[in-house]
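The values are calculated or read from the model by the stated rules, or taken from the named source; none is laboratory data. This structure is a prediction, so every number in the text was calculated from the model and none was measured. In this analysis, Cβ positions are derived from the backbone assuming ideal geometry, glycine residues included, and neighbour counts consider all displayed protein chains. Quick note on the areas: whole protein, heavy atoms, side chains included, nothing else; ligands and nucleic acids left out. Shrake-Rupley method; radii C 1.70, N 1.55, O 1.52, S 1.80 Å.
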Amino acid sequence: CSRLHNKPTFSQTIMIPNLYHNPANAPSLPDGRPGCTMTEQELEQDYDDFYEDIFVEMVDKYGIVEEMNVCDNLGEHLIGNVYIKFSNEDSADKAVAELNNRWFNGMAIKAELSPVTDFREAHCR
Amino acid sequence: QLKQLRTKKSKFWDKPPMGFEHLTPLQYKEMAAIGQIMDPKIT
């Protein structure tokens, strides 16, 4: 990936980088023990809770969500990225403008428009 | 209808980092960008 990502001026899709911190990716402790002791079921619940939290907030505040994906790639520029495709560009614009002045889990959100329209075809070049 | 999907109040939305409750996220990012705040998440 060249990291030279195209940033569109209008799009139905937004991207919020590094929003989901998967507990499974927690680094090992200094003594070598794993950084995550959660069971597979607990990890699934953690992800489900996160997904619901984001999805419901988007629909409630910004508009109809057609699709939402959370990136599980381990690349620094991809890990935990959340992609949300709204039903129209106005919703995406409003979401980016407002999310950039909101907190999430102690983090100042950085949201931007994304060129991705078909998640099945999306890949880093 | 969709509001009913939320089974519990969000623990994460609009929660600022501890000690920075007096700033807006925009102010926080501006200060981090010029090095007035050390934030590993902002480069």
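Given a Förster radius of 25 Å and the C-beta distance between A:Asp90 and B:Glu21 as r, what FRET efficiency does 1/(1 + (r/R0)^6) yield to the nearest 0.05? Using R0 = 25 Å, I get an efficiency of 0.20. Legend: calculated FRET efficiency, A:Asn25 to A:Asn100, from the Cβ-Cβ distance at R0 = 35 Å, rounded to 0.05, equals 0.85.
Restricting segment A:5-100 to GluC sites (Glu not before Pro) that sit in a DSSP loop and have at most 14 other Cβ atoms within 10 Å of their own Cβ leaves A:Glu76. Here the extension length gained between A:Tyr51 and A:Asn73 equals 6.3 nm, from 0.36 nm per residue of separation less the Cα-Cα distance. Excluding same-chain neighbours fewer than eight residues apart, the aspartates and glutamates reachable from A:Lys94 by a Cα-Cα span under 14 Å are A:Glu57, A:Asp60, A:Glu112.
Relative to the longest principal axis of the Cα atoms of chain A, the long axis of helix A:89-99 makes an angle of roughly 50 degrees. Mean per-residue shielding of peptide B:26-36 is 2, counting Cβ atoms of other chains within 10 Å of each Cβ. Between helix A:40-61 and chain A there is an angle of about 20 degrees, using the helix long axis and the longest principal axis of the Cα atoms.
Projecting the Cα atoms of A:Thr37, A:Val65, A:Leu78 onto the charge dipole of segment A:17-92 (Cβ charges, centred on the Cα centre) puts A:Leu78 farthest toward the positive pole. Element breakdown for the protein assembly as shown at a 1.4 angstrom probe: carbon and sulfur atoms account for 52% of the accessible area. For the residues A:Asn100, A:Asn81, A:Asn18, a GNM of chain A with alpha-carbon springs under 10 Å puts the largest fluctuation on A:Asn100.
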